[in-house]
Amino acid sequence: MLRTRFAPSPTGDLHVGGARSALFCWALARGAGADGRMLLRIEDTDQKRSSAAAGLGFLEDLAWLGIDWDEGPESGSSGGGETGPYFQSERLDLYATCMQSLTDAGHAYLAFETPEELTAARAAARAAKVPYKYDRAALDLDPATVQAWLDEGRPHVIRFKVPDDAPVVVHDAVLGEVTVEPGELEDFVIRKADGWPTYHFAVVVDDHAMGVTHVVRGQEHLANTPKHVLLQEALGYERPVYAHVSLIFNPDGSKMSKRDKDKALRSAVRERSIESPPAVCGIDDGQWATWLGDKAVQLPAESAAALANALQVELPEINVADFREGGYLPEVVLNYLALLGWSPGNDIEQFDTAFFIEHFGLDRIVKSPAKFDRAKLKAFNLDAIQAMSPGTWLERLRAFAQVHEPTFLDAMTPEQFAVFAEANRERSKTLRDPFDSGRFFVLPDHAITWADSKPVRKALCKGEPSGYDLLAAVIEPLRAVETWSTGSIESCVEAFAQANCDGNLGKIAQPLRVAVSGGPVSPPIFDTLDILGSDAVLARIERCLANPIASAPT
RNA sequence: GACCCCAUCGUCUAGUCAGGUCAGGACGCCAGGUUUUCAUCCUGGAAACAGGGGUUCGAAUCCCCUUGGGGUCGCCA
């Protein structure tokens, strides 16, 4: 039996690093077939931070990626299981029992120092430039004093008495042997003053109680592992196999963090010396000042998005949800994530889930950290889109629009949307691209403007005859087209080009493109005109002619 | 600062464990070409074993040091 678990704390969306840990856990379990089980456990032992189910957004993210679990919170067809409950907040009795056996055996003891005292001691150690370690003062308390303090209800924690007579050796499936010398570890807290277990204690008790055989997690936990191993020995548990996967970084080498969005916004705000919050953010001056002054403070997601929009700042994608909204395909994100820190050992880079599950193994996980390369992800996404049948592309684009861009479905007939989808199929790197670049399709005719830019000027003003001249001349032939379709438009414009542009289609295509879209970029011109419809095309050309850029009011 | 981890093209990596092909692939980049715009597409190209010592007939590969990067050091997880 092989049992893995993904154990996030309920603090919101799934981060790409967490997603990859979950993915590796899942692939390991699925690769074992009927003998493999994937568990999901919610680590909500921080009463201050986890409130209710506020932060369970990652369940949706996991489902989107196609990662399911055999045991854990019920969601969709996942969940259930015999070793629950799977919320640590519902397992307090178990922790209490195990805690008691640990103290009874003399492996743990009560300590009464206040957080303030400990903070002061750490500060003093830092000032004196000596490494801080808890001094075990509470170990010398006589039983009578302890009892007296307990009777008066003095707050206390329980610390684990770390054996300091032998080195701790962890055998990691990725990193090999990691040794920590005796005396390096302090007597860490295993029960907080509020009676709840700390992470270290709960994780060890639960992994054992749930029969977890393989622990796959981020390398930020490597330094914690000796503590867990010691706890397992004291409790008489077997050790699971550990596999610590390296961290994922931003292209600039910094750690990919949930706070990166706020970081990008803050620097944009500073750069432009913006004093007060733009109204669209919906936050007051006080919140604004707090946010600007404290790196640890995050703006609510909606405010952040509004601010980014107002400032024209592109927020970095760091959560799985960001990639979903960005129009990446879940199977591609999964493929890319799998490749970030693992490889099948040959030149194969693009593969499906079945291939990944079949070939995945702990022994081929890369030790060194990886930078997240959005360009490569995008290239993979493009390849996947190009490999789709036109019908599949249409359906997926429609499904994306339903959730993220309903305006397009409202503004177009199913037939128009089908042409729109097909016209964008070979030029889209994401499901989002057609909507971003095709915004002009759903704007009212009077909202199209012609900003004075180099490509626009070139299309409209340059040449003899100029684009404006050609546009004026092409209106009548276009008006005469009887059945508006890609084909009829094409014959009309081709004929016009033969007669007026020396047969050079580009001479009329680009002015038309600029006239109807306001810019130099659109899908192939005949498709563009077809989707827009005759009325809009004629109206936009006329407006374009009536508002020449040289004299356009600014 | 202490402890721990890591180190091949700009990036992700194969090759390392069982030393022996001009160090392979992909993304990106550059140069051409196709194309009614953007994008796509096609062809070609530049591009790496962090540095220094060992061991060896032979080192990207084994050992040591240096340098660089990262993680941890909470009554957070």
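Which ones in segment A:142-173 are outside any loop (DSSP other than H, G, I, E, B), among the acidic types (Asp, Glu) and either open to solvent by 60 Å² or more (accessible area, probe 1.4 Å) or not assigned by TED's automatic domain parsing to the domain that holds A:Leu110 (or both)?
The answer is A:Asp151, and nothing else.
Among (1) open to solvent by less than 80 Å² (accessible area, probe 1.4 Å); (2) charged (D, E, K, R); (3) at pLDDT 95 or above; (4) more than 7 Å from RNA strand B (Cβ to nearest atom), which single condition is A:Arg374 missing?
(3)
Please go through segment A:384-405 and pick out each residue that is open to solvent by 60 Å² or more (accessible area, probe 1.4 Å), in contact (Cβ under 8 Å) with a residue 40 or more places away in the chain and within 13 Å of RNA strand B (Cβ to nearest atom).
Listed by number, the list holds a single entry, A:Gln386.
Quick grid of which residues meet (1) within 25 Å of A:Arg439 (Cα to Cα); (2) near RNA strand B (Cβ under 9 Å from one of its atoms):
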position	(1), (2)
A:Val481	no, no
A:Ile489	yes, no
A:Phe496	no, no
A:Asn504	no, yes
A:Leu512	yes, yes
A:Val521	yes, yes
A:Ile525	yes, yes
A:Asp530	yes, no
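Read through the list (1) near RNA strand B (Cβ under 7 Å from one of its atoms); (2) among the aliphatic types (A, V, I, L, M); (3) surrounded by 16 or more Cβ atoms within 10 Å (Cβ to Cβ), then give the number of the only condition that A:Val215 fails.
Tallying (1) near RNA strand B (Cβ under 7 Å from one of its atoms); (2) among the aliphatic types (A, V, I, L, M); (3) surrounded by 16 or more Cβ atoms within 10 Å (Cβ to Cβ), A:Val215 fails exactly one: (1).
Looking at A:Gly57, A:Gly66, A:Gly76 in this structure, which one is under 17 Å from A:Pro330 (Cβ atoms) and open to solvent by 50 Å² or more (accessible area, probe 1.4 Å)?
Values: A:Gly57 fails: open to solvent by 50 Å² or more (accessible area, probe 1.4 Å); A:Gly66 fails: open to solvent by 50 Å² or more (accessible area, probe 1.4 Å).
From the options A:Gly57, A:Gly66, A:Gly76, the qualifying one is A:Gly76.
Pick from A:Leu92, A:Leu139, A:Leu102: which is in contact with a strand residue (DSSP E or B) (Cβ under 9 Å, 6 or more places away or on another chain), surrounded by 12 or more Cβ atoms within 10 Å (Cβ to Cβ) and more than 24 Å from A:Val215 (Cα to Cα)?
Just a single option satisfies the conditions, and that option is A:Leu139.
When you check A:Asp347 against the structure, is it within 21 Å of A:Gly18 (Cα to Cα), modelled with pLDDT under 95 and not in a strand (DSSP E or B), yes or no? Break it down into steps so the answer makes sense when it comes.
Values: within 21 Å of A:Gly18 (Cα to Cα): no; modelled with pLDDT under 95: yes; not in a strand (DSSP E or B): yes.
Criteria not met by A:Asp347.
Could you tell me which numbered condition A:Glu220 fails, if it satisfies all but one of (1) open to solvent by 40 Å² or more (accessible area, probe 1.4 Å); (2) in a loop (DSSP other than H, G, I, E, B)?
(2)
Within segment A:267-289, identify whether any single residue is among the polar types (S, T, N, Q) and at positive phi, and answer yes or no.
So in segment A:267-289, the residues among the polar types (S, T, N, Q) come out as A:267, A:273, A:276, A:287.
Of the ones still in play, those that are also at positive phi are A:273.
Yes: segment A:267-289 contains one or more residues that are among the polar types (S, T, N, Q) and at positive phi.
For the subset of segment A:265-279 comprising residues that are assigned to a helix (DSSP H, G or I) and surrounded by 13 or more Cβ atoms within 10 Å (Cβ to Cβ), which member is farthest from the chain's Cα centre (by Cα)? Steps first, answer last, please.
As a first pass, look at segment A:265-279 and keep what is assigned to a helix (DSSP H, G or I): A:265-271, A:279.
Among the residues that remain, those that are also surrounded by 13 or more Cβ atoms within 10 Å (Cβ to Cβ) are: A:265-266, A:268-269.
Values: A:Leu265: 17, A:Arg266: 20, A:Ala268: 21, A:Val269: 23 Å.
Selected residue: A:Val269.
Checking A:Thr413 against (1) surrounded by fewer than 18 Cβ atoms within 10 Å (Cβ to Cβ); (2) within 9 Å of RNA strand B (Cβ to nearest atom), only one condition comes out false. Which one?
(2)
Somewhere in segment A:320-327, is a residue surrounded by 13 or more Cβ atoms within 10 Å (Cβ to Cβ) and within 14 Å of RNA strand B (Cβ to nearest atom)? Write out each step before concluding.
From segment A:320-327, those surrounded by 13 or more Cβ atoms within 10 Å (Cβ to Cβ) are A:320-327; that's our starting set.
From what's left, within 14 Å of RNA strand B (Cβ to nearest atom): A:327.
Checking segment A:320-327: at least one residue is surrounded by 13 or more Cβ atoms within 10 Å (Cβ to Cβ) and within 14 Å of RNA strand B (Cβ to nearest atom).
Just to be sure before I move on: is A:Asp13 more than 14 Å from RNA strand B (Cβ to nearest atom) and either open to solvent by 20 Å² or more (accessible area, probe 1.4 Å) or among the hydroxyl-bearing types (Ser, Thr, Tyr) (or both) in the structure I sent? Quick ask: steps written out before the conclusion?
Values: more than 14 Å from RNA strand B (Cβ to nearest atom): yes; either open to solvent by 20 Å² or more (accessible area, probe 1.4 Å) or among the hydroxyl-bearing types (Ser, Thr, Tyr) (or both): yes.
In short, yes.
Is it the case, given these coordinates, that A:Ala338 is of a type in the set (A, V, I, L, M), crowded, with 19+ Cβ neighbours inside 10 Å and in contact (Cβ under 8 Å) with a residue 40 or more places away in the chain?
Values: of a type in the set (A, V, I, L, M): yes; crowded, with 19+ Cβ neighbours inside 10 Å: yes; in contact (Cβ under 8 Å) with a residue 40 or more places away in the chain: yes.
In short, yes.
Being of a type outside the set (D, E, K, R) and either open to solvent by 50 Å² or more (accessible area, probe 1.4 Å) or farther than 23 Å from A:Leu118 by Cα (or both) is the filter here, so list the residues in segment A:183-201 that pass it. Write out each step before concluding.
Within segment A:183-201, the subset of a type outside the set (D, E, K, R) is A:183, A:185, A:188-190, A:193, A:195-201.
Passing the criteria: A:Ala193, A:Tyr199.
The values are calculated or read from the model by the stated rules, or taken from the named source; none is laboratory data. Quantities reported herein were computed from a predicted structural model and do not represent experimental measurements. Ideal geometry is used to build each Cβ from the backbone, glycine not excepted, and the neighbour counts take in all protein chains shown. With ligands, DNA and RNA removed, areas are computed over all heavy atoms of the protein, side chains included. Shrake-Rupley method; radii C 1.70, N 1.55, O 1.52, S 1.80 Å.
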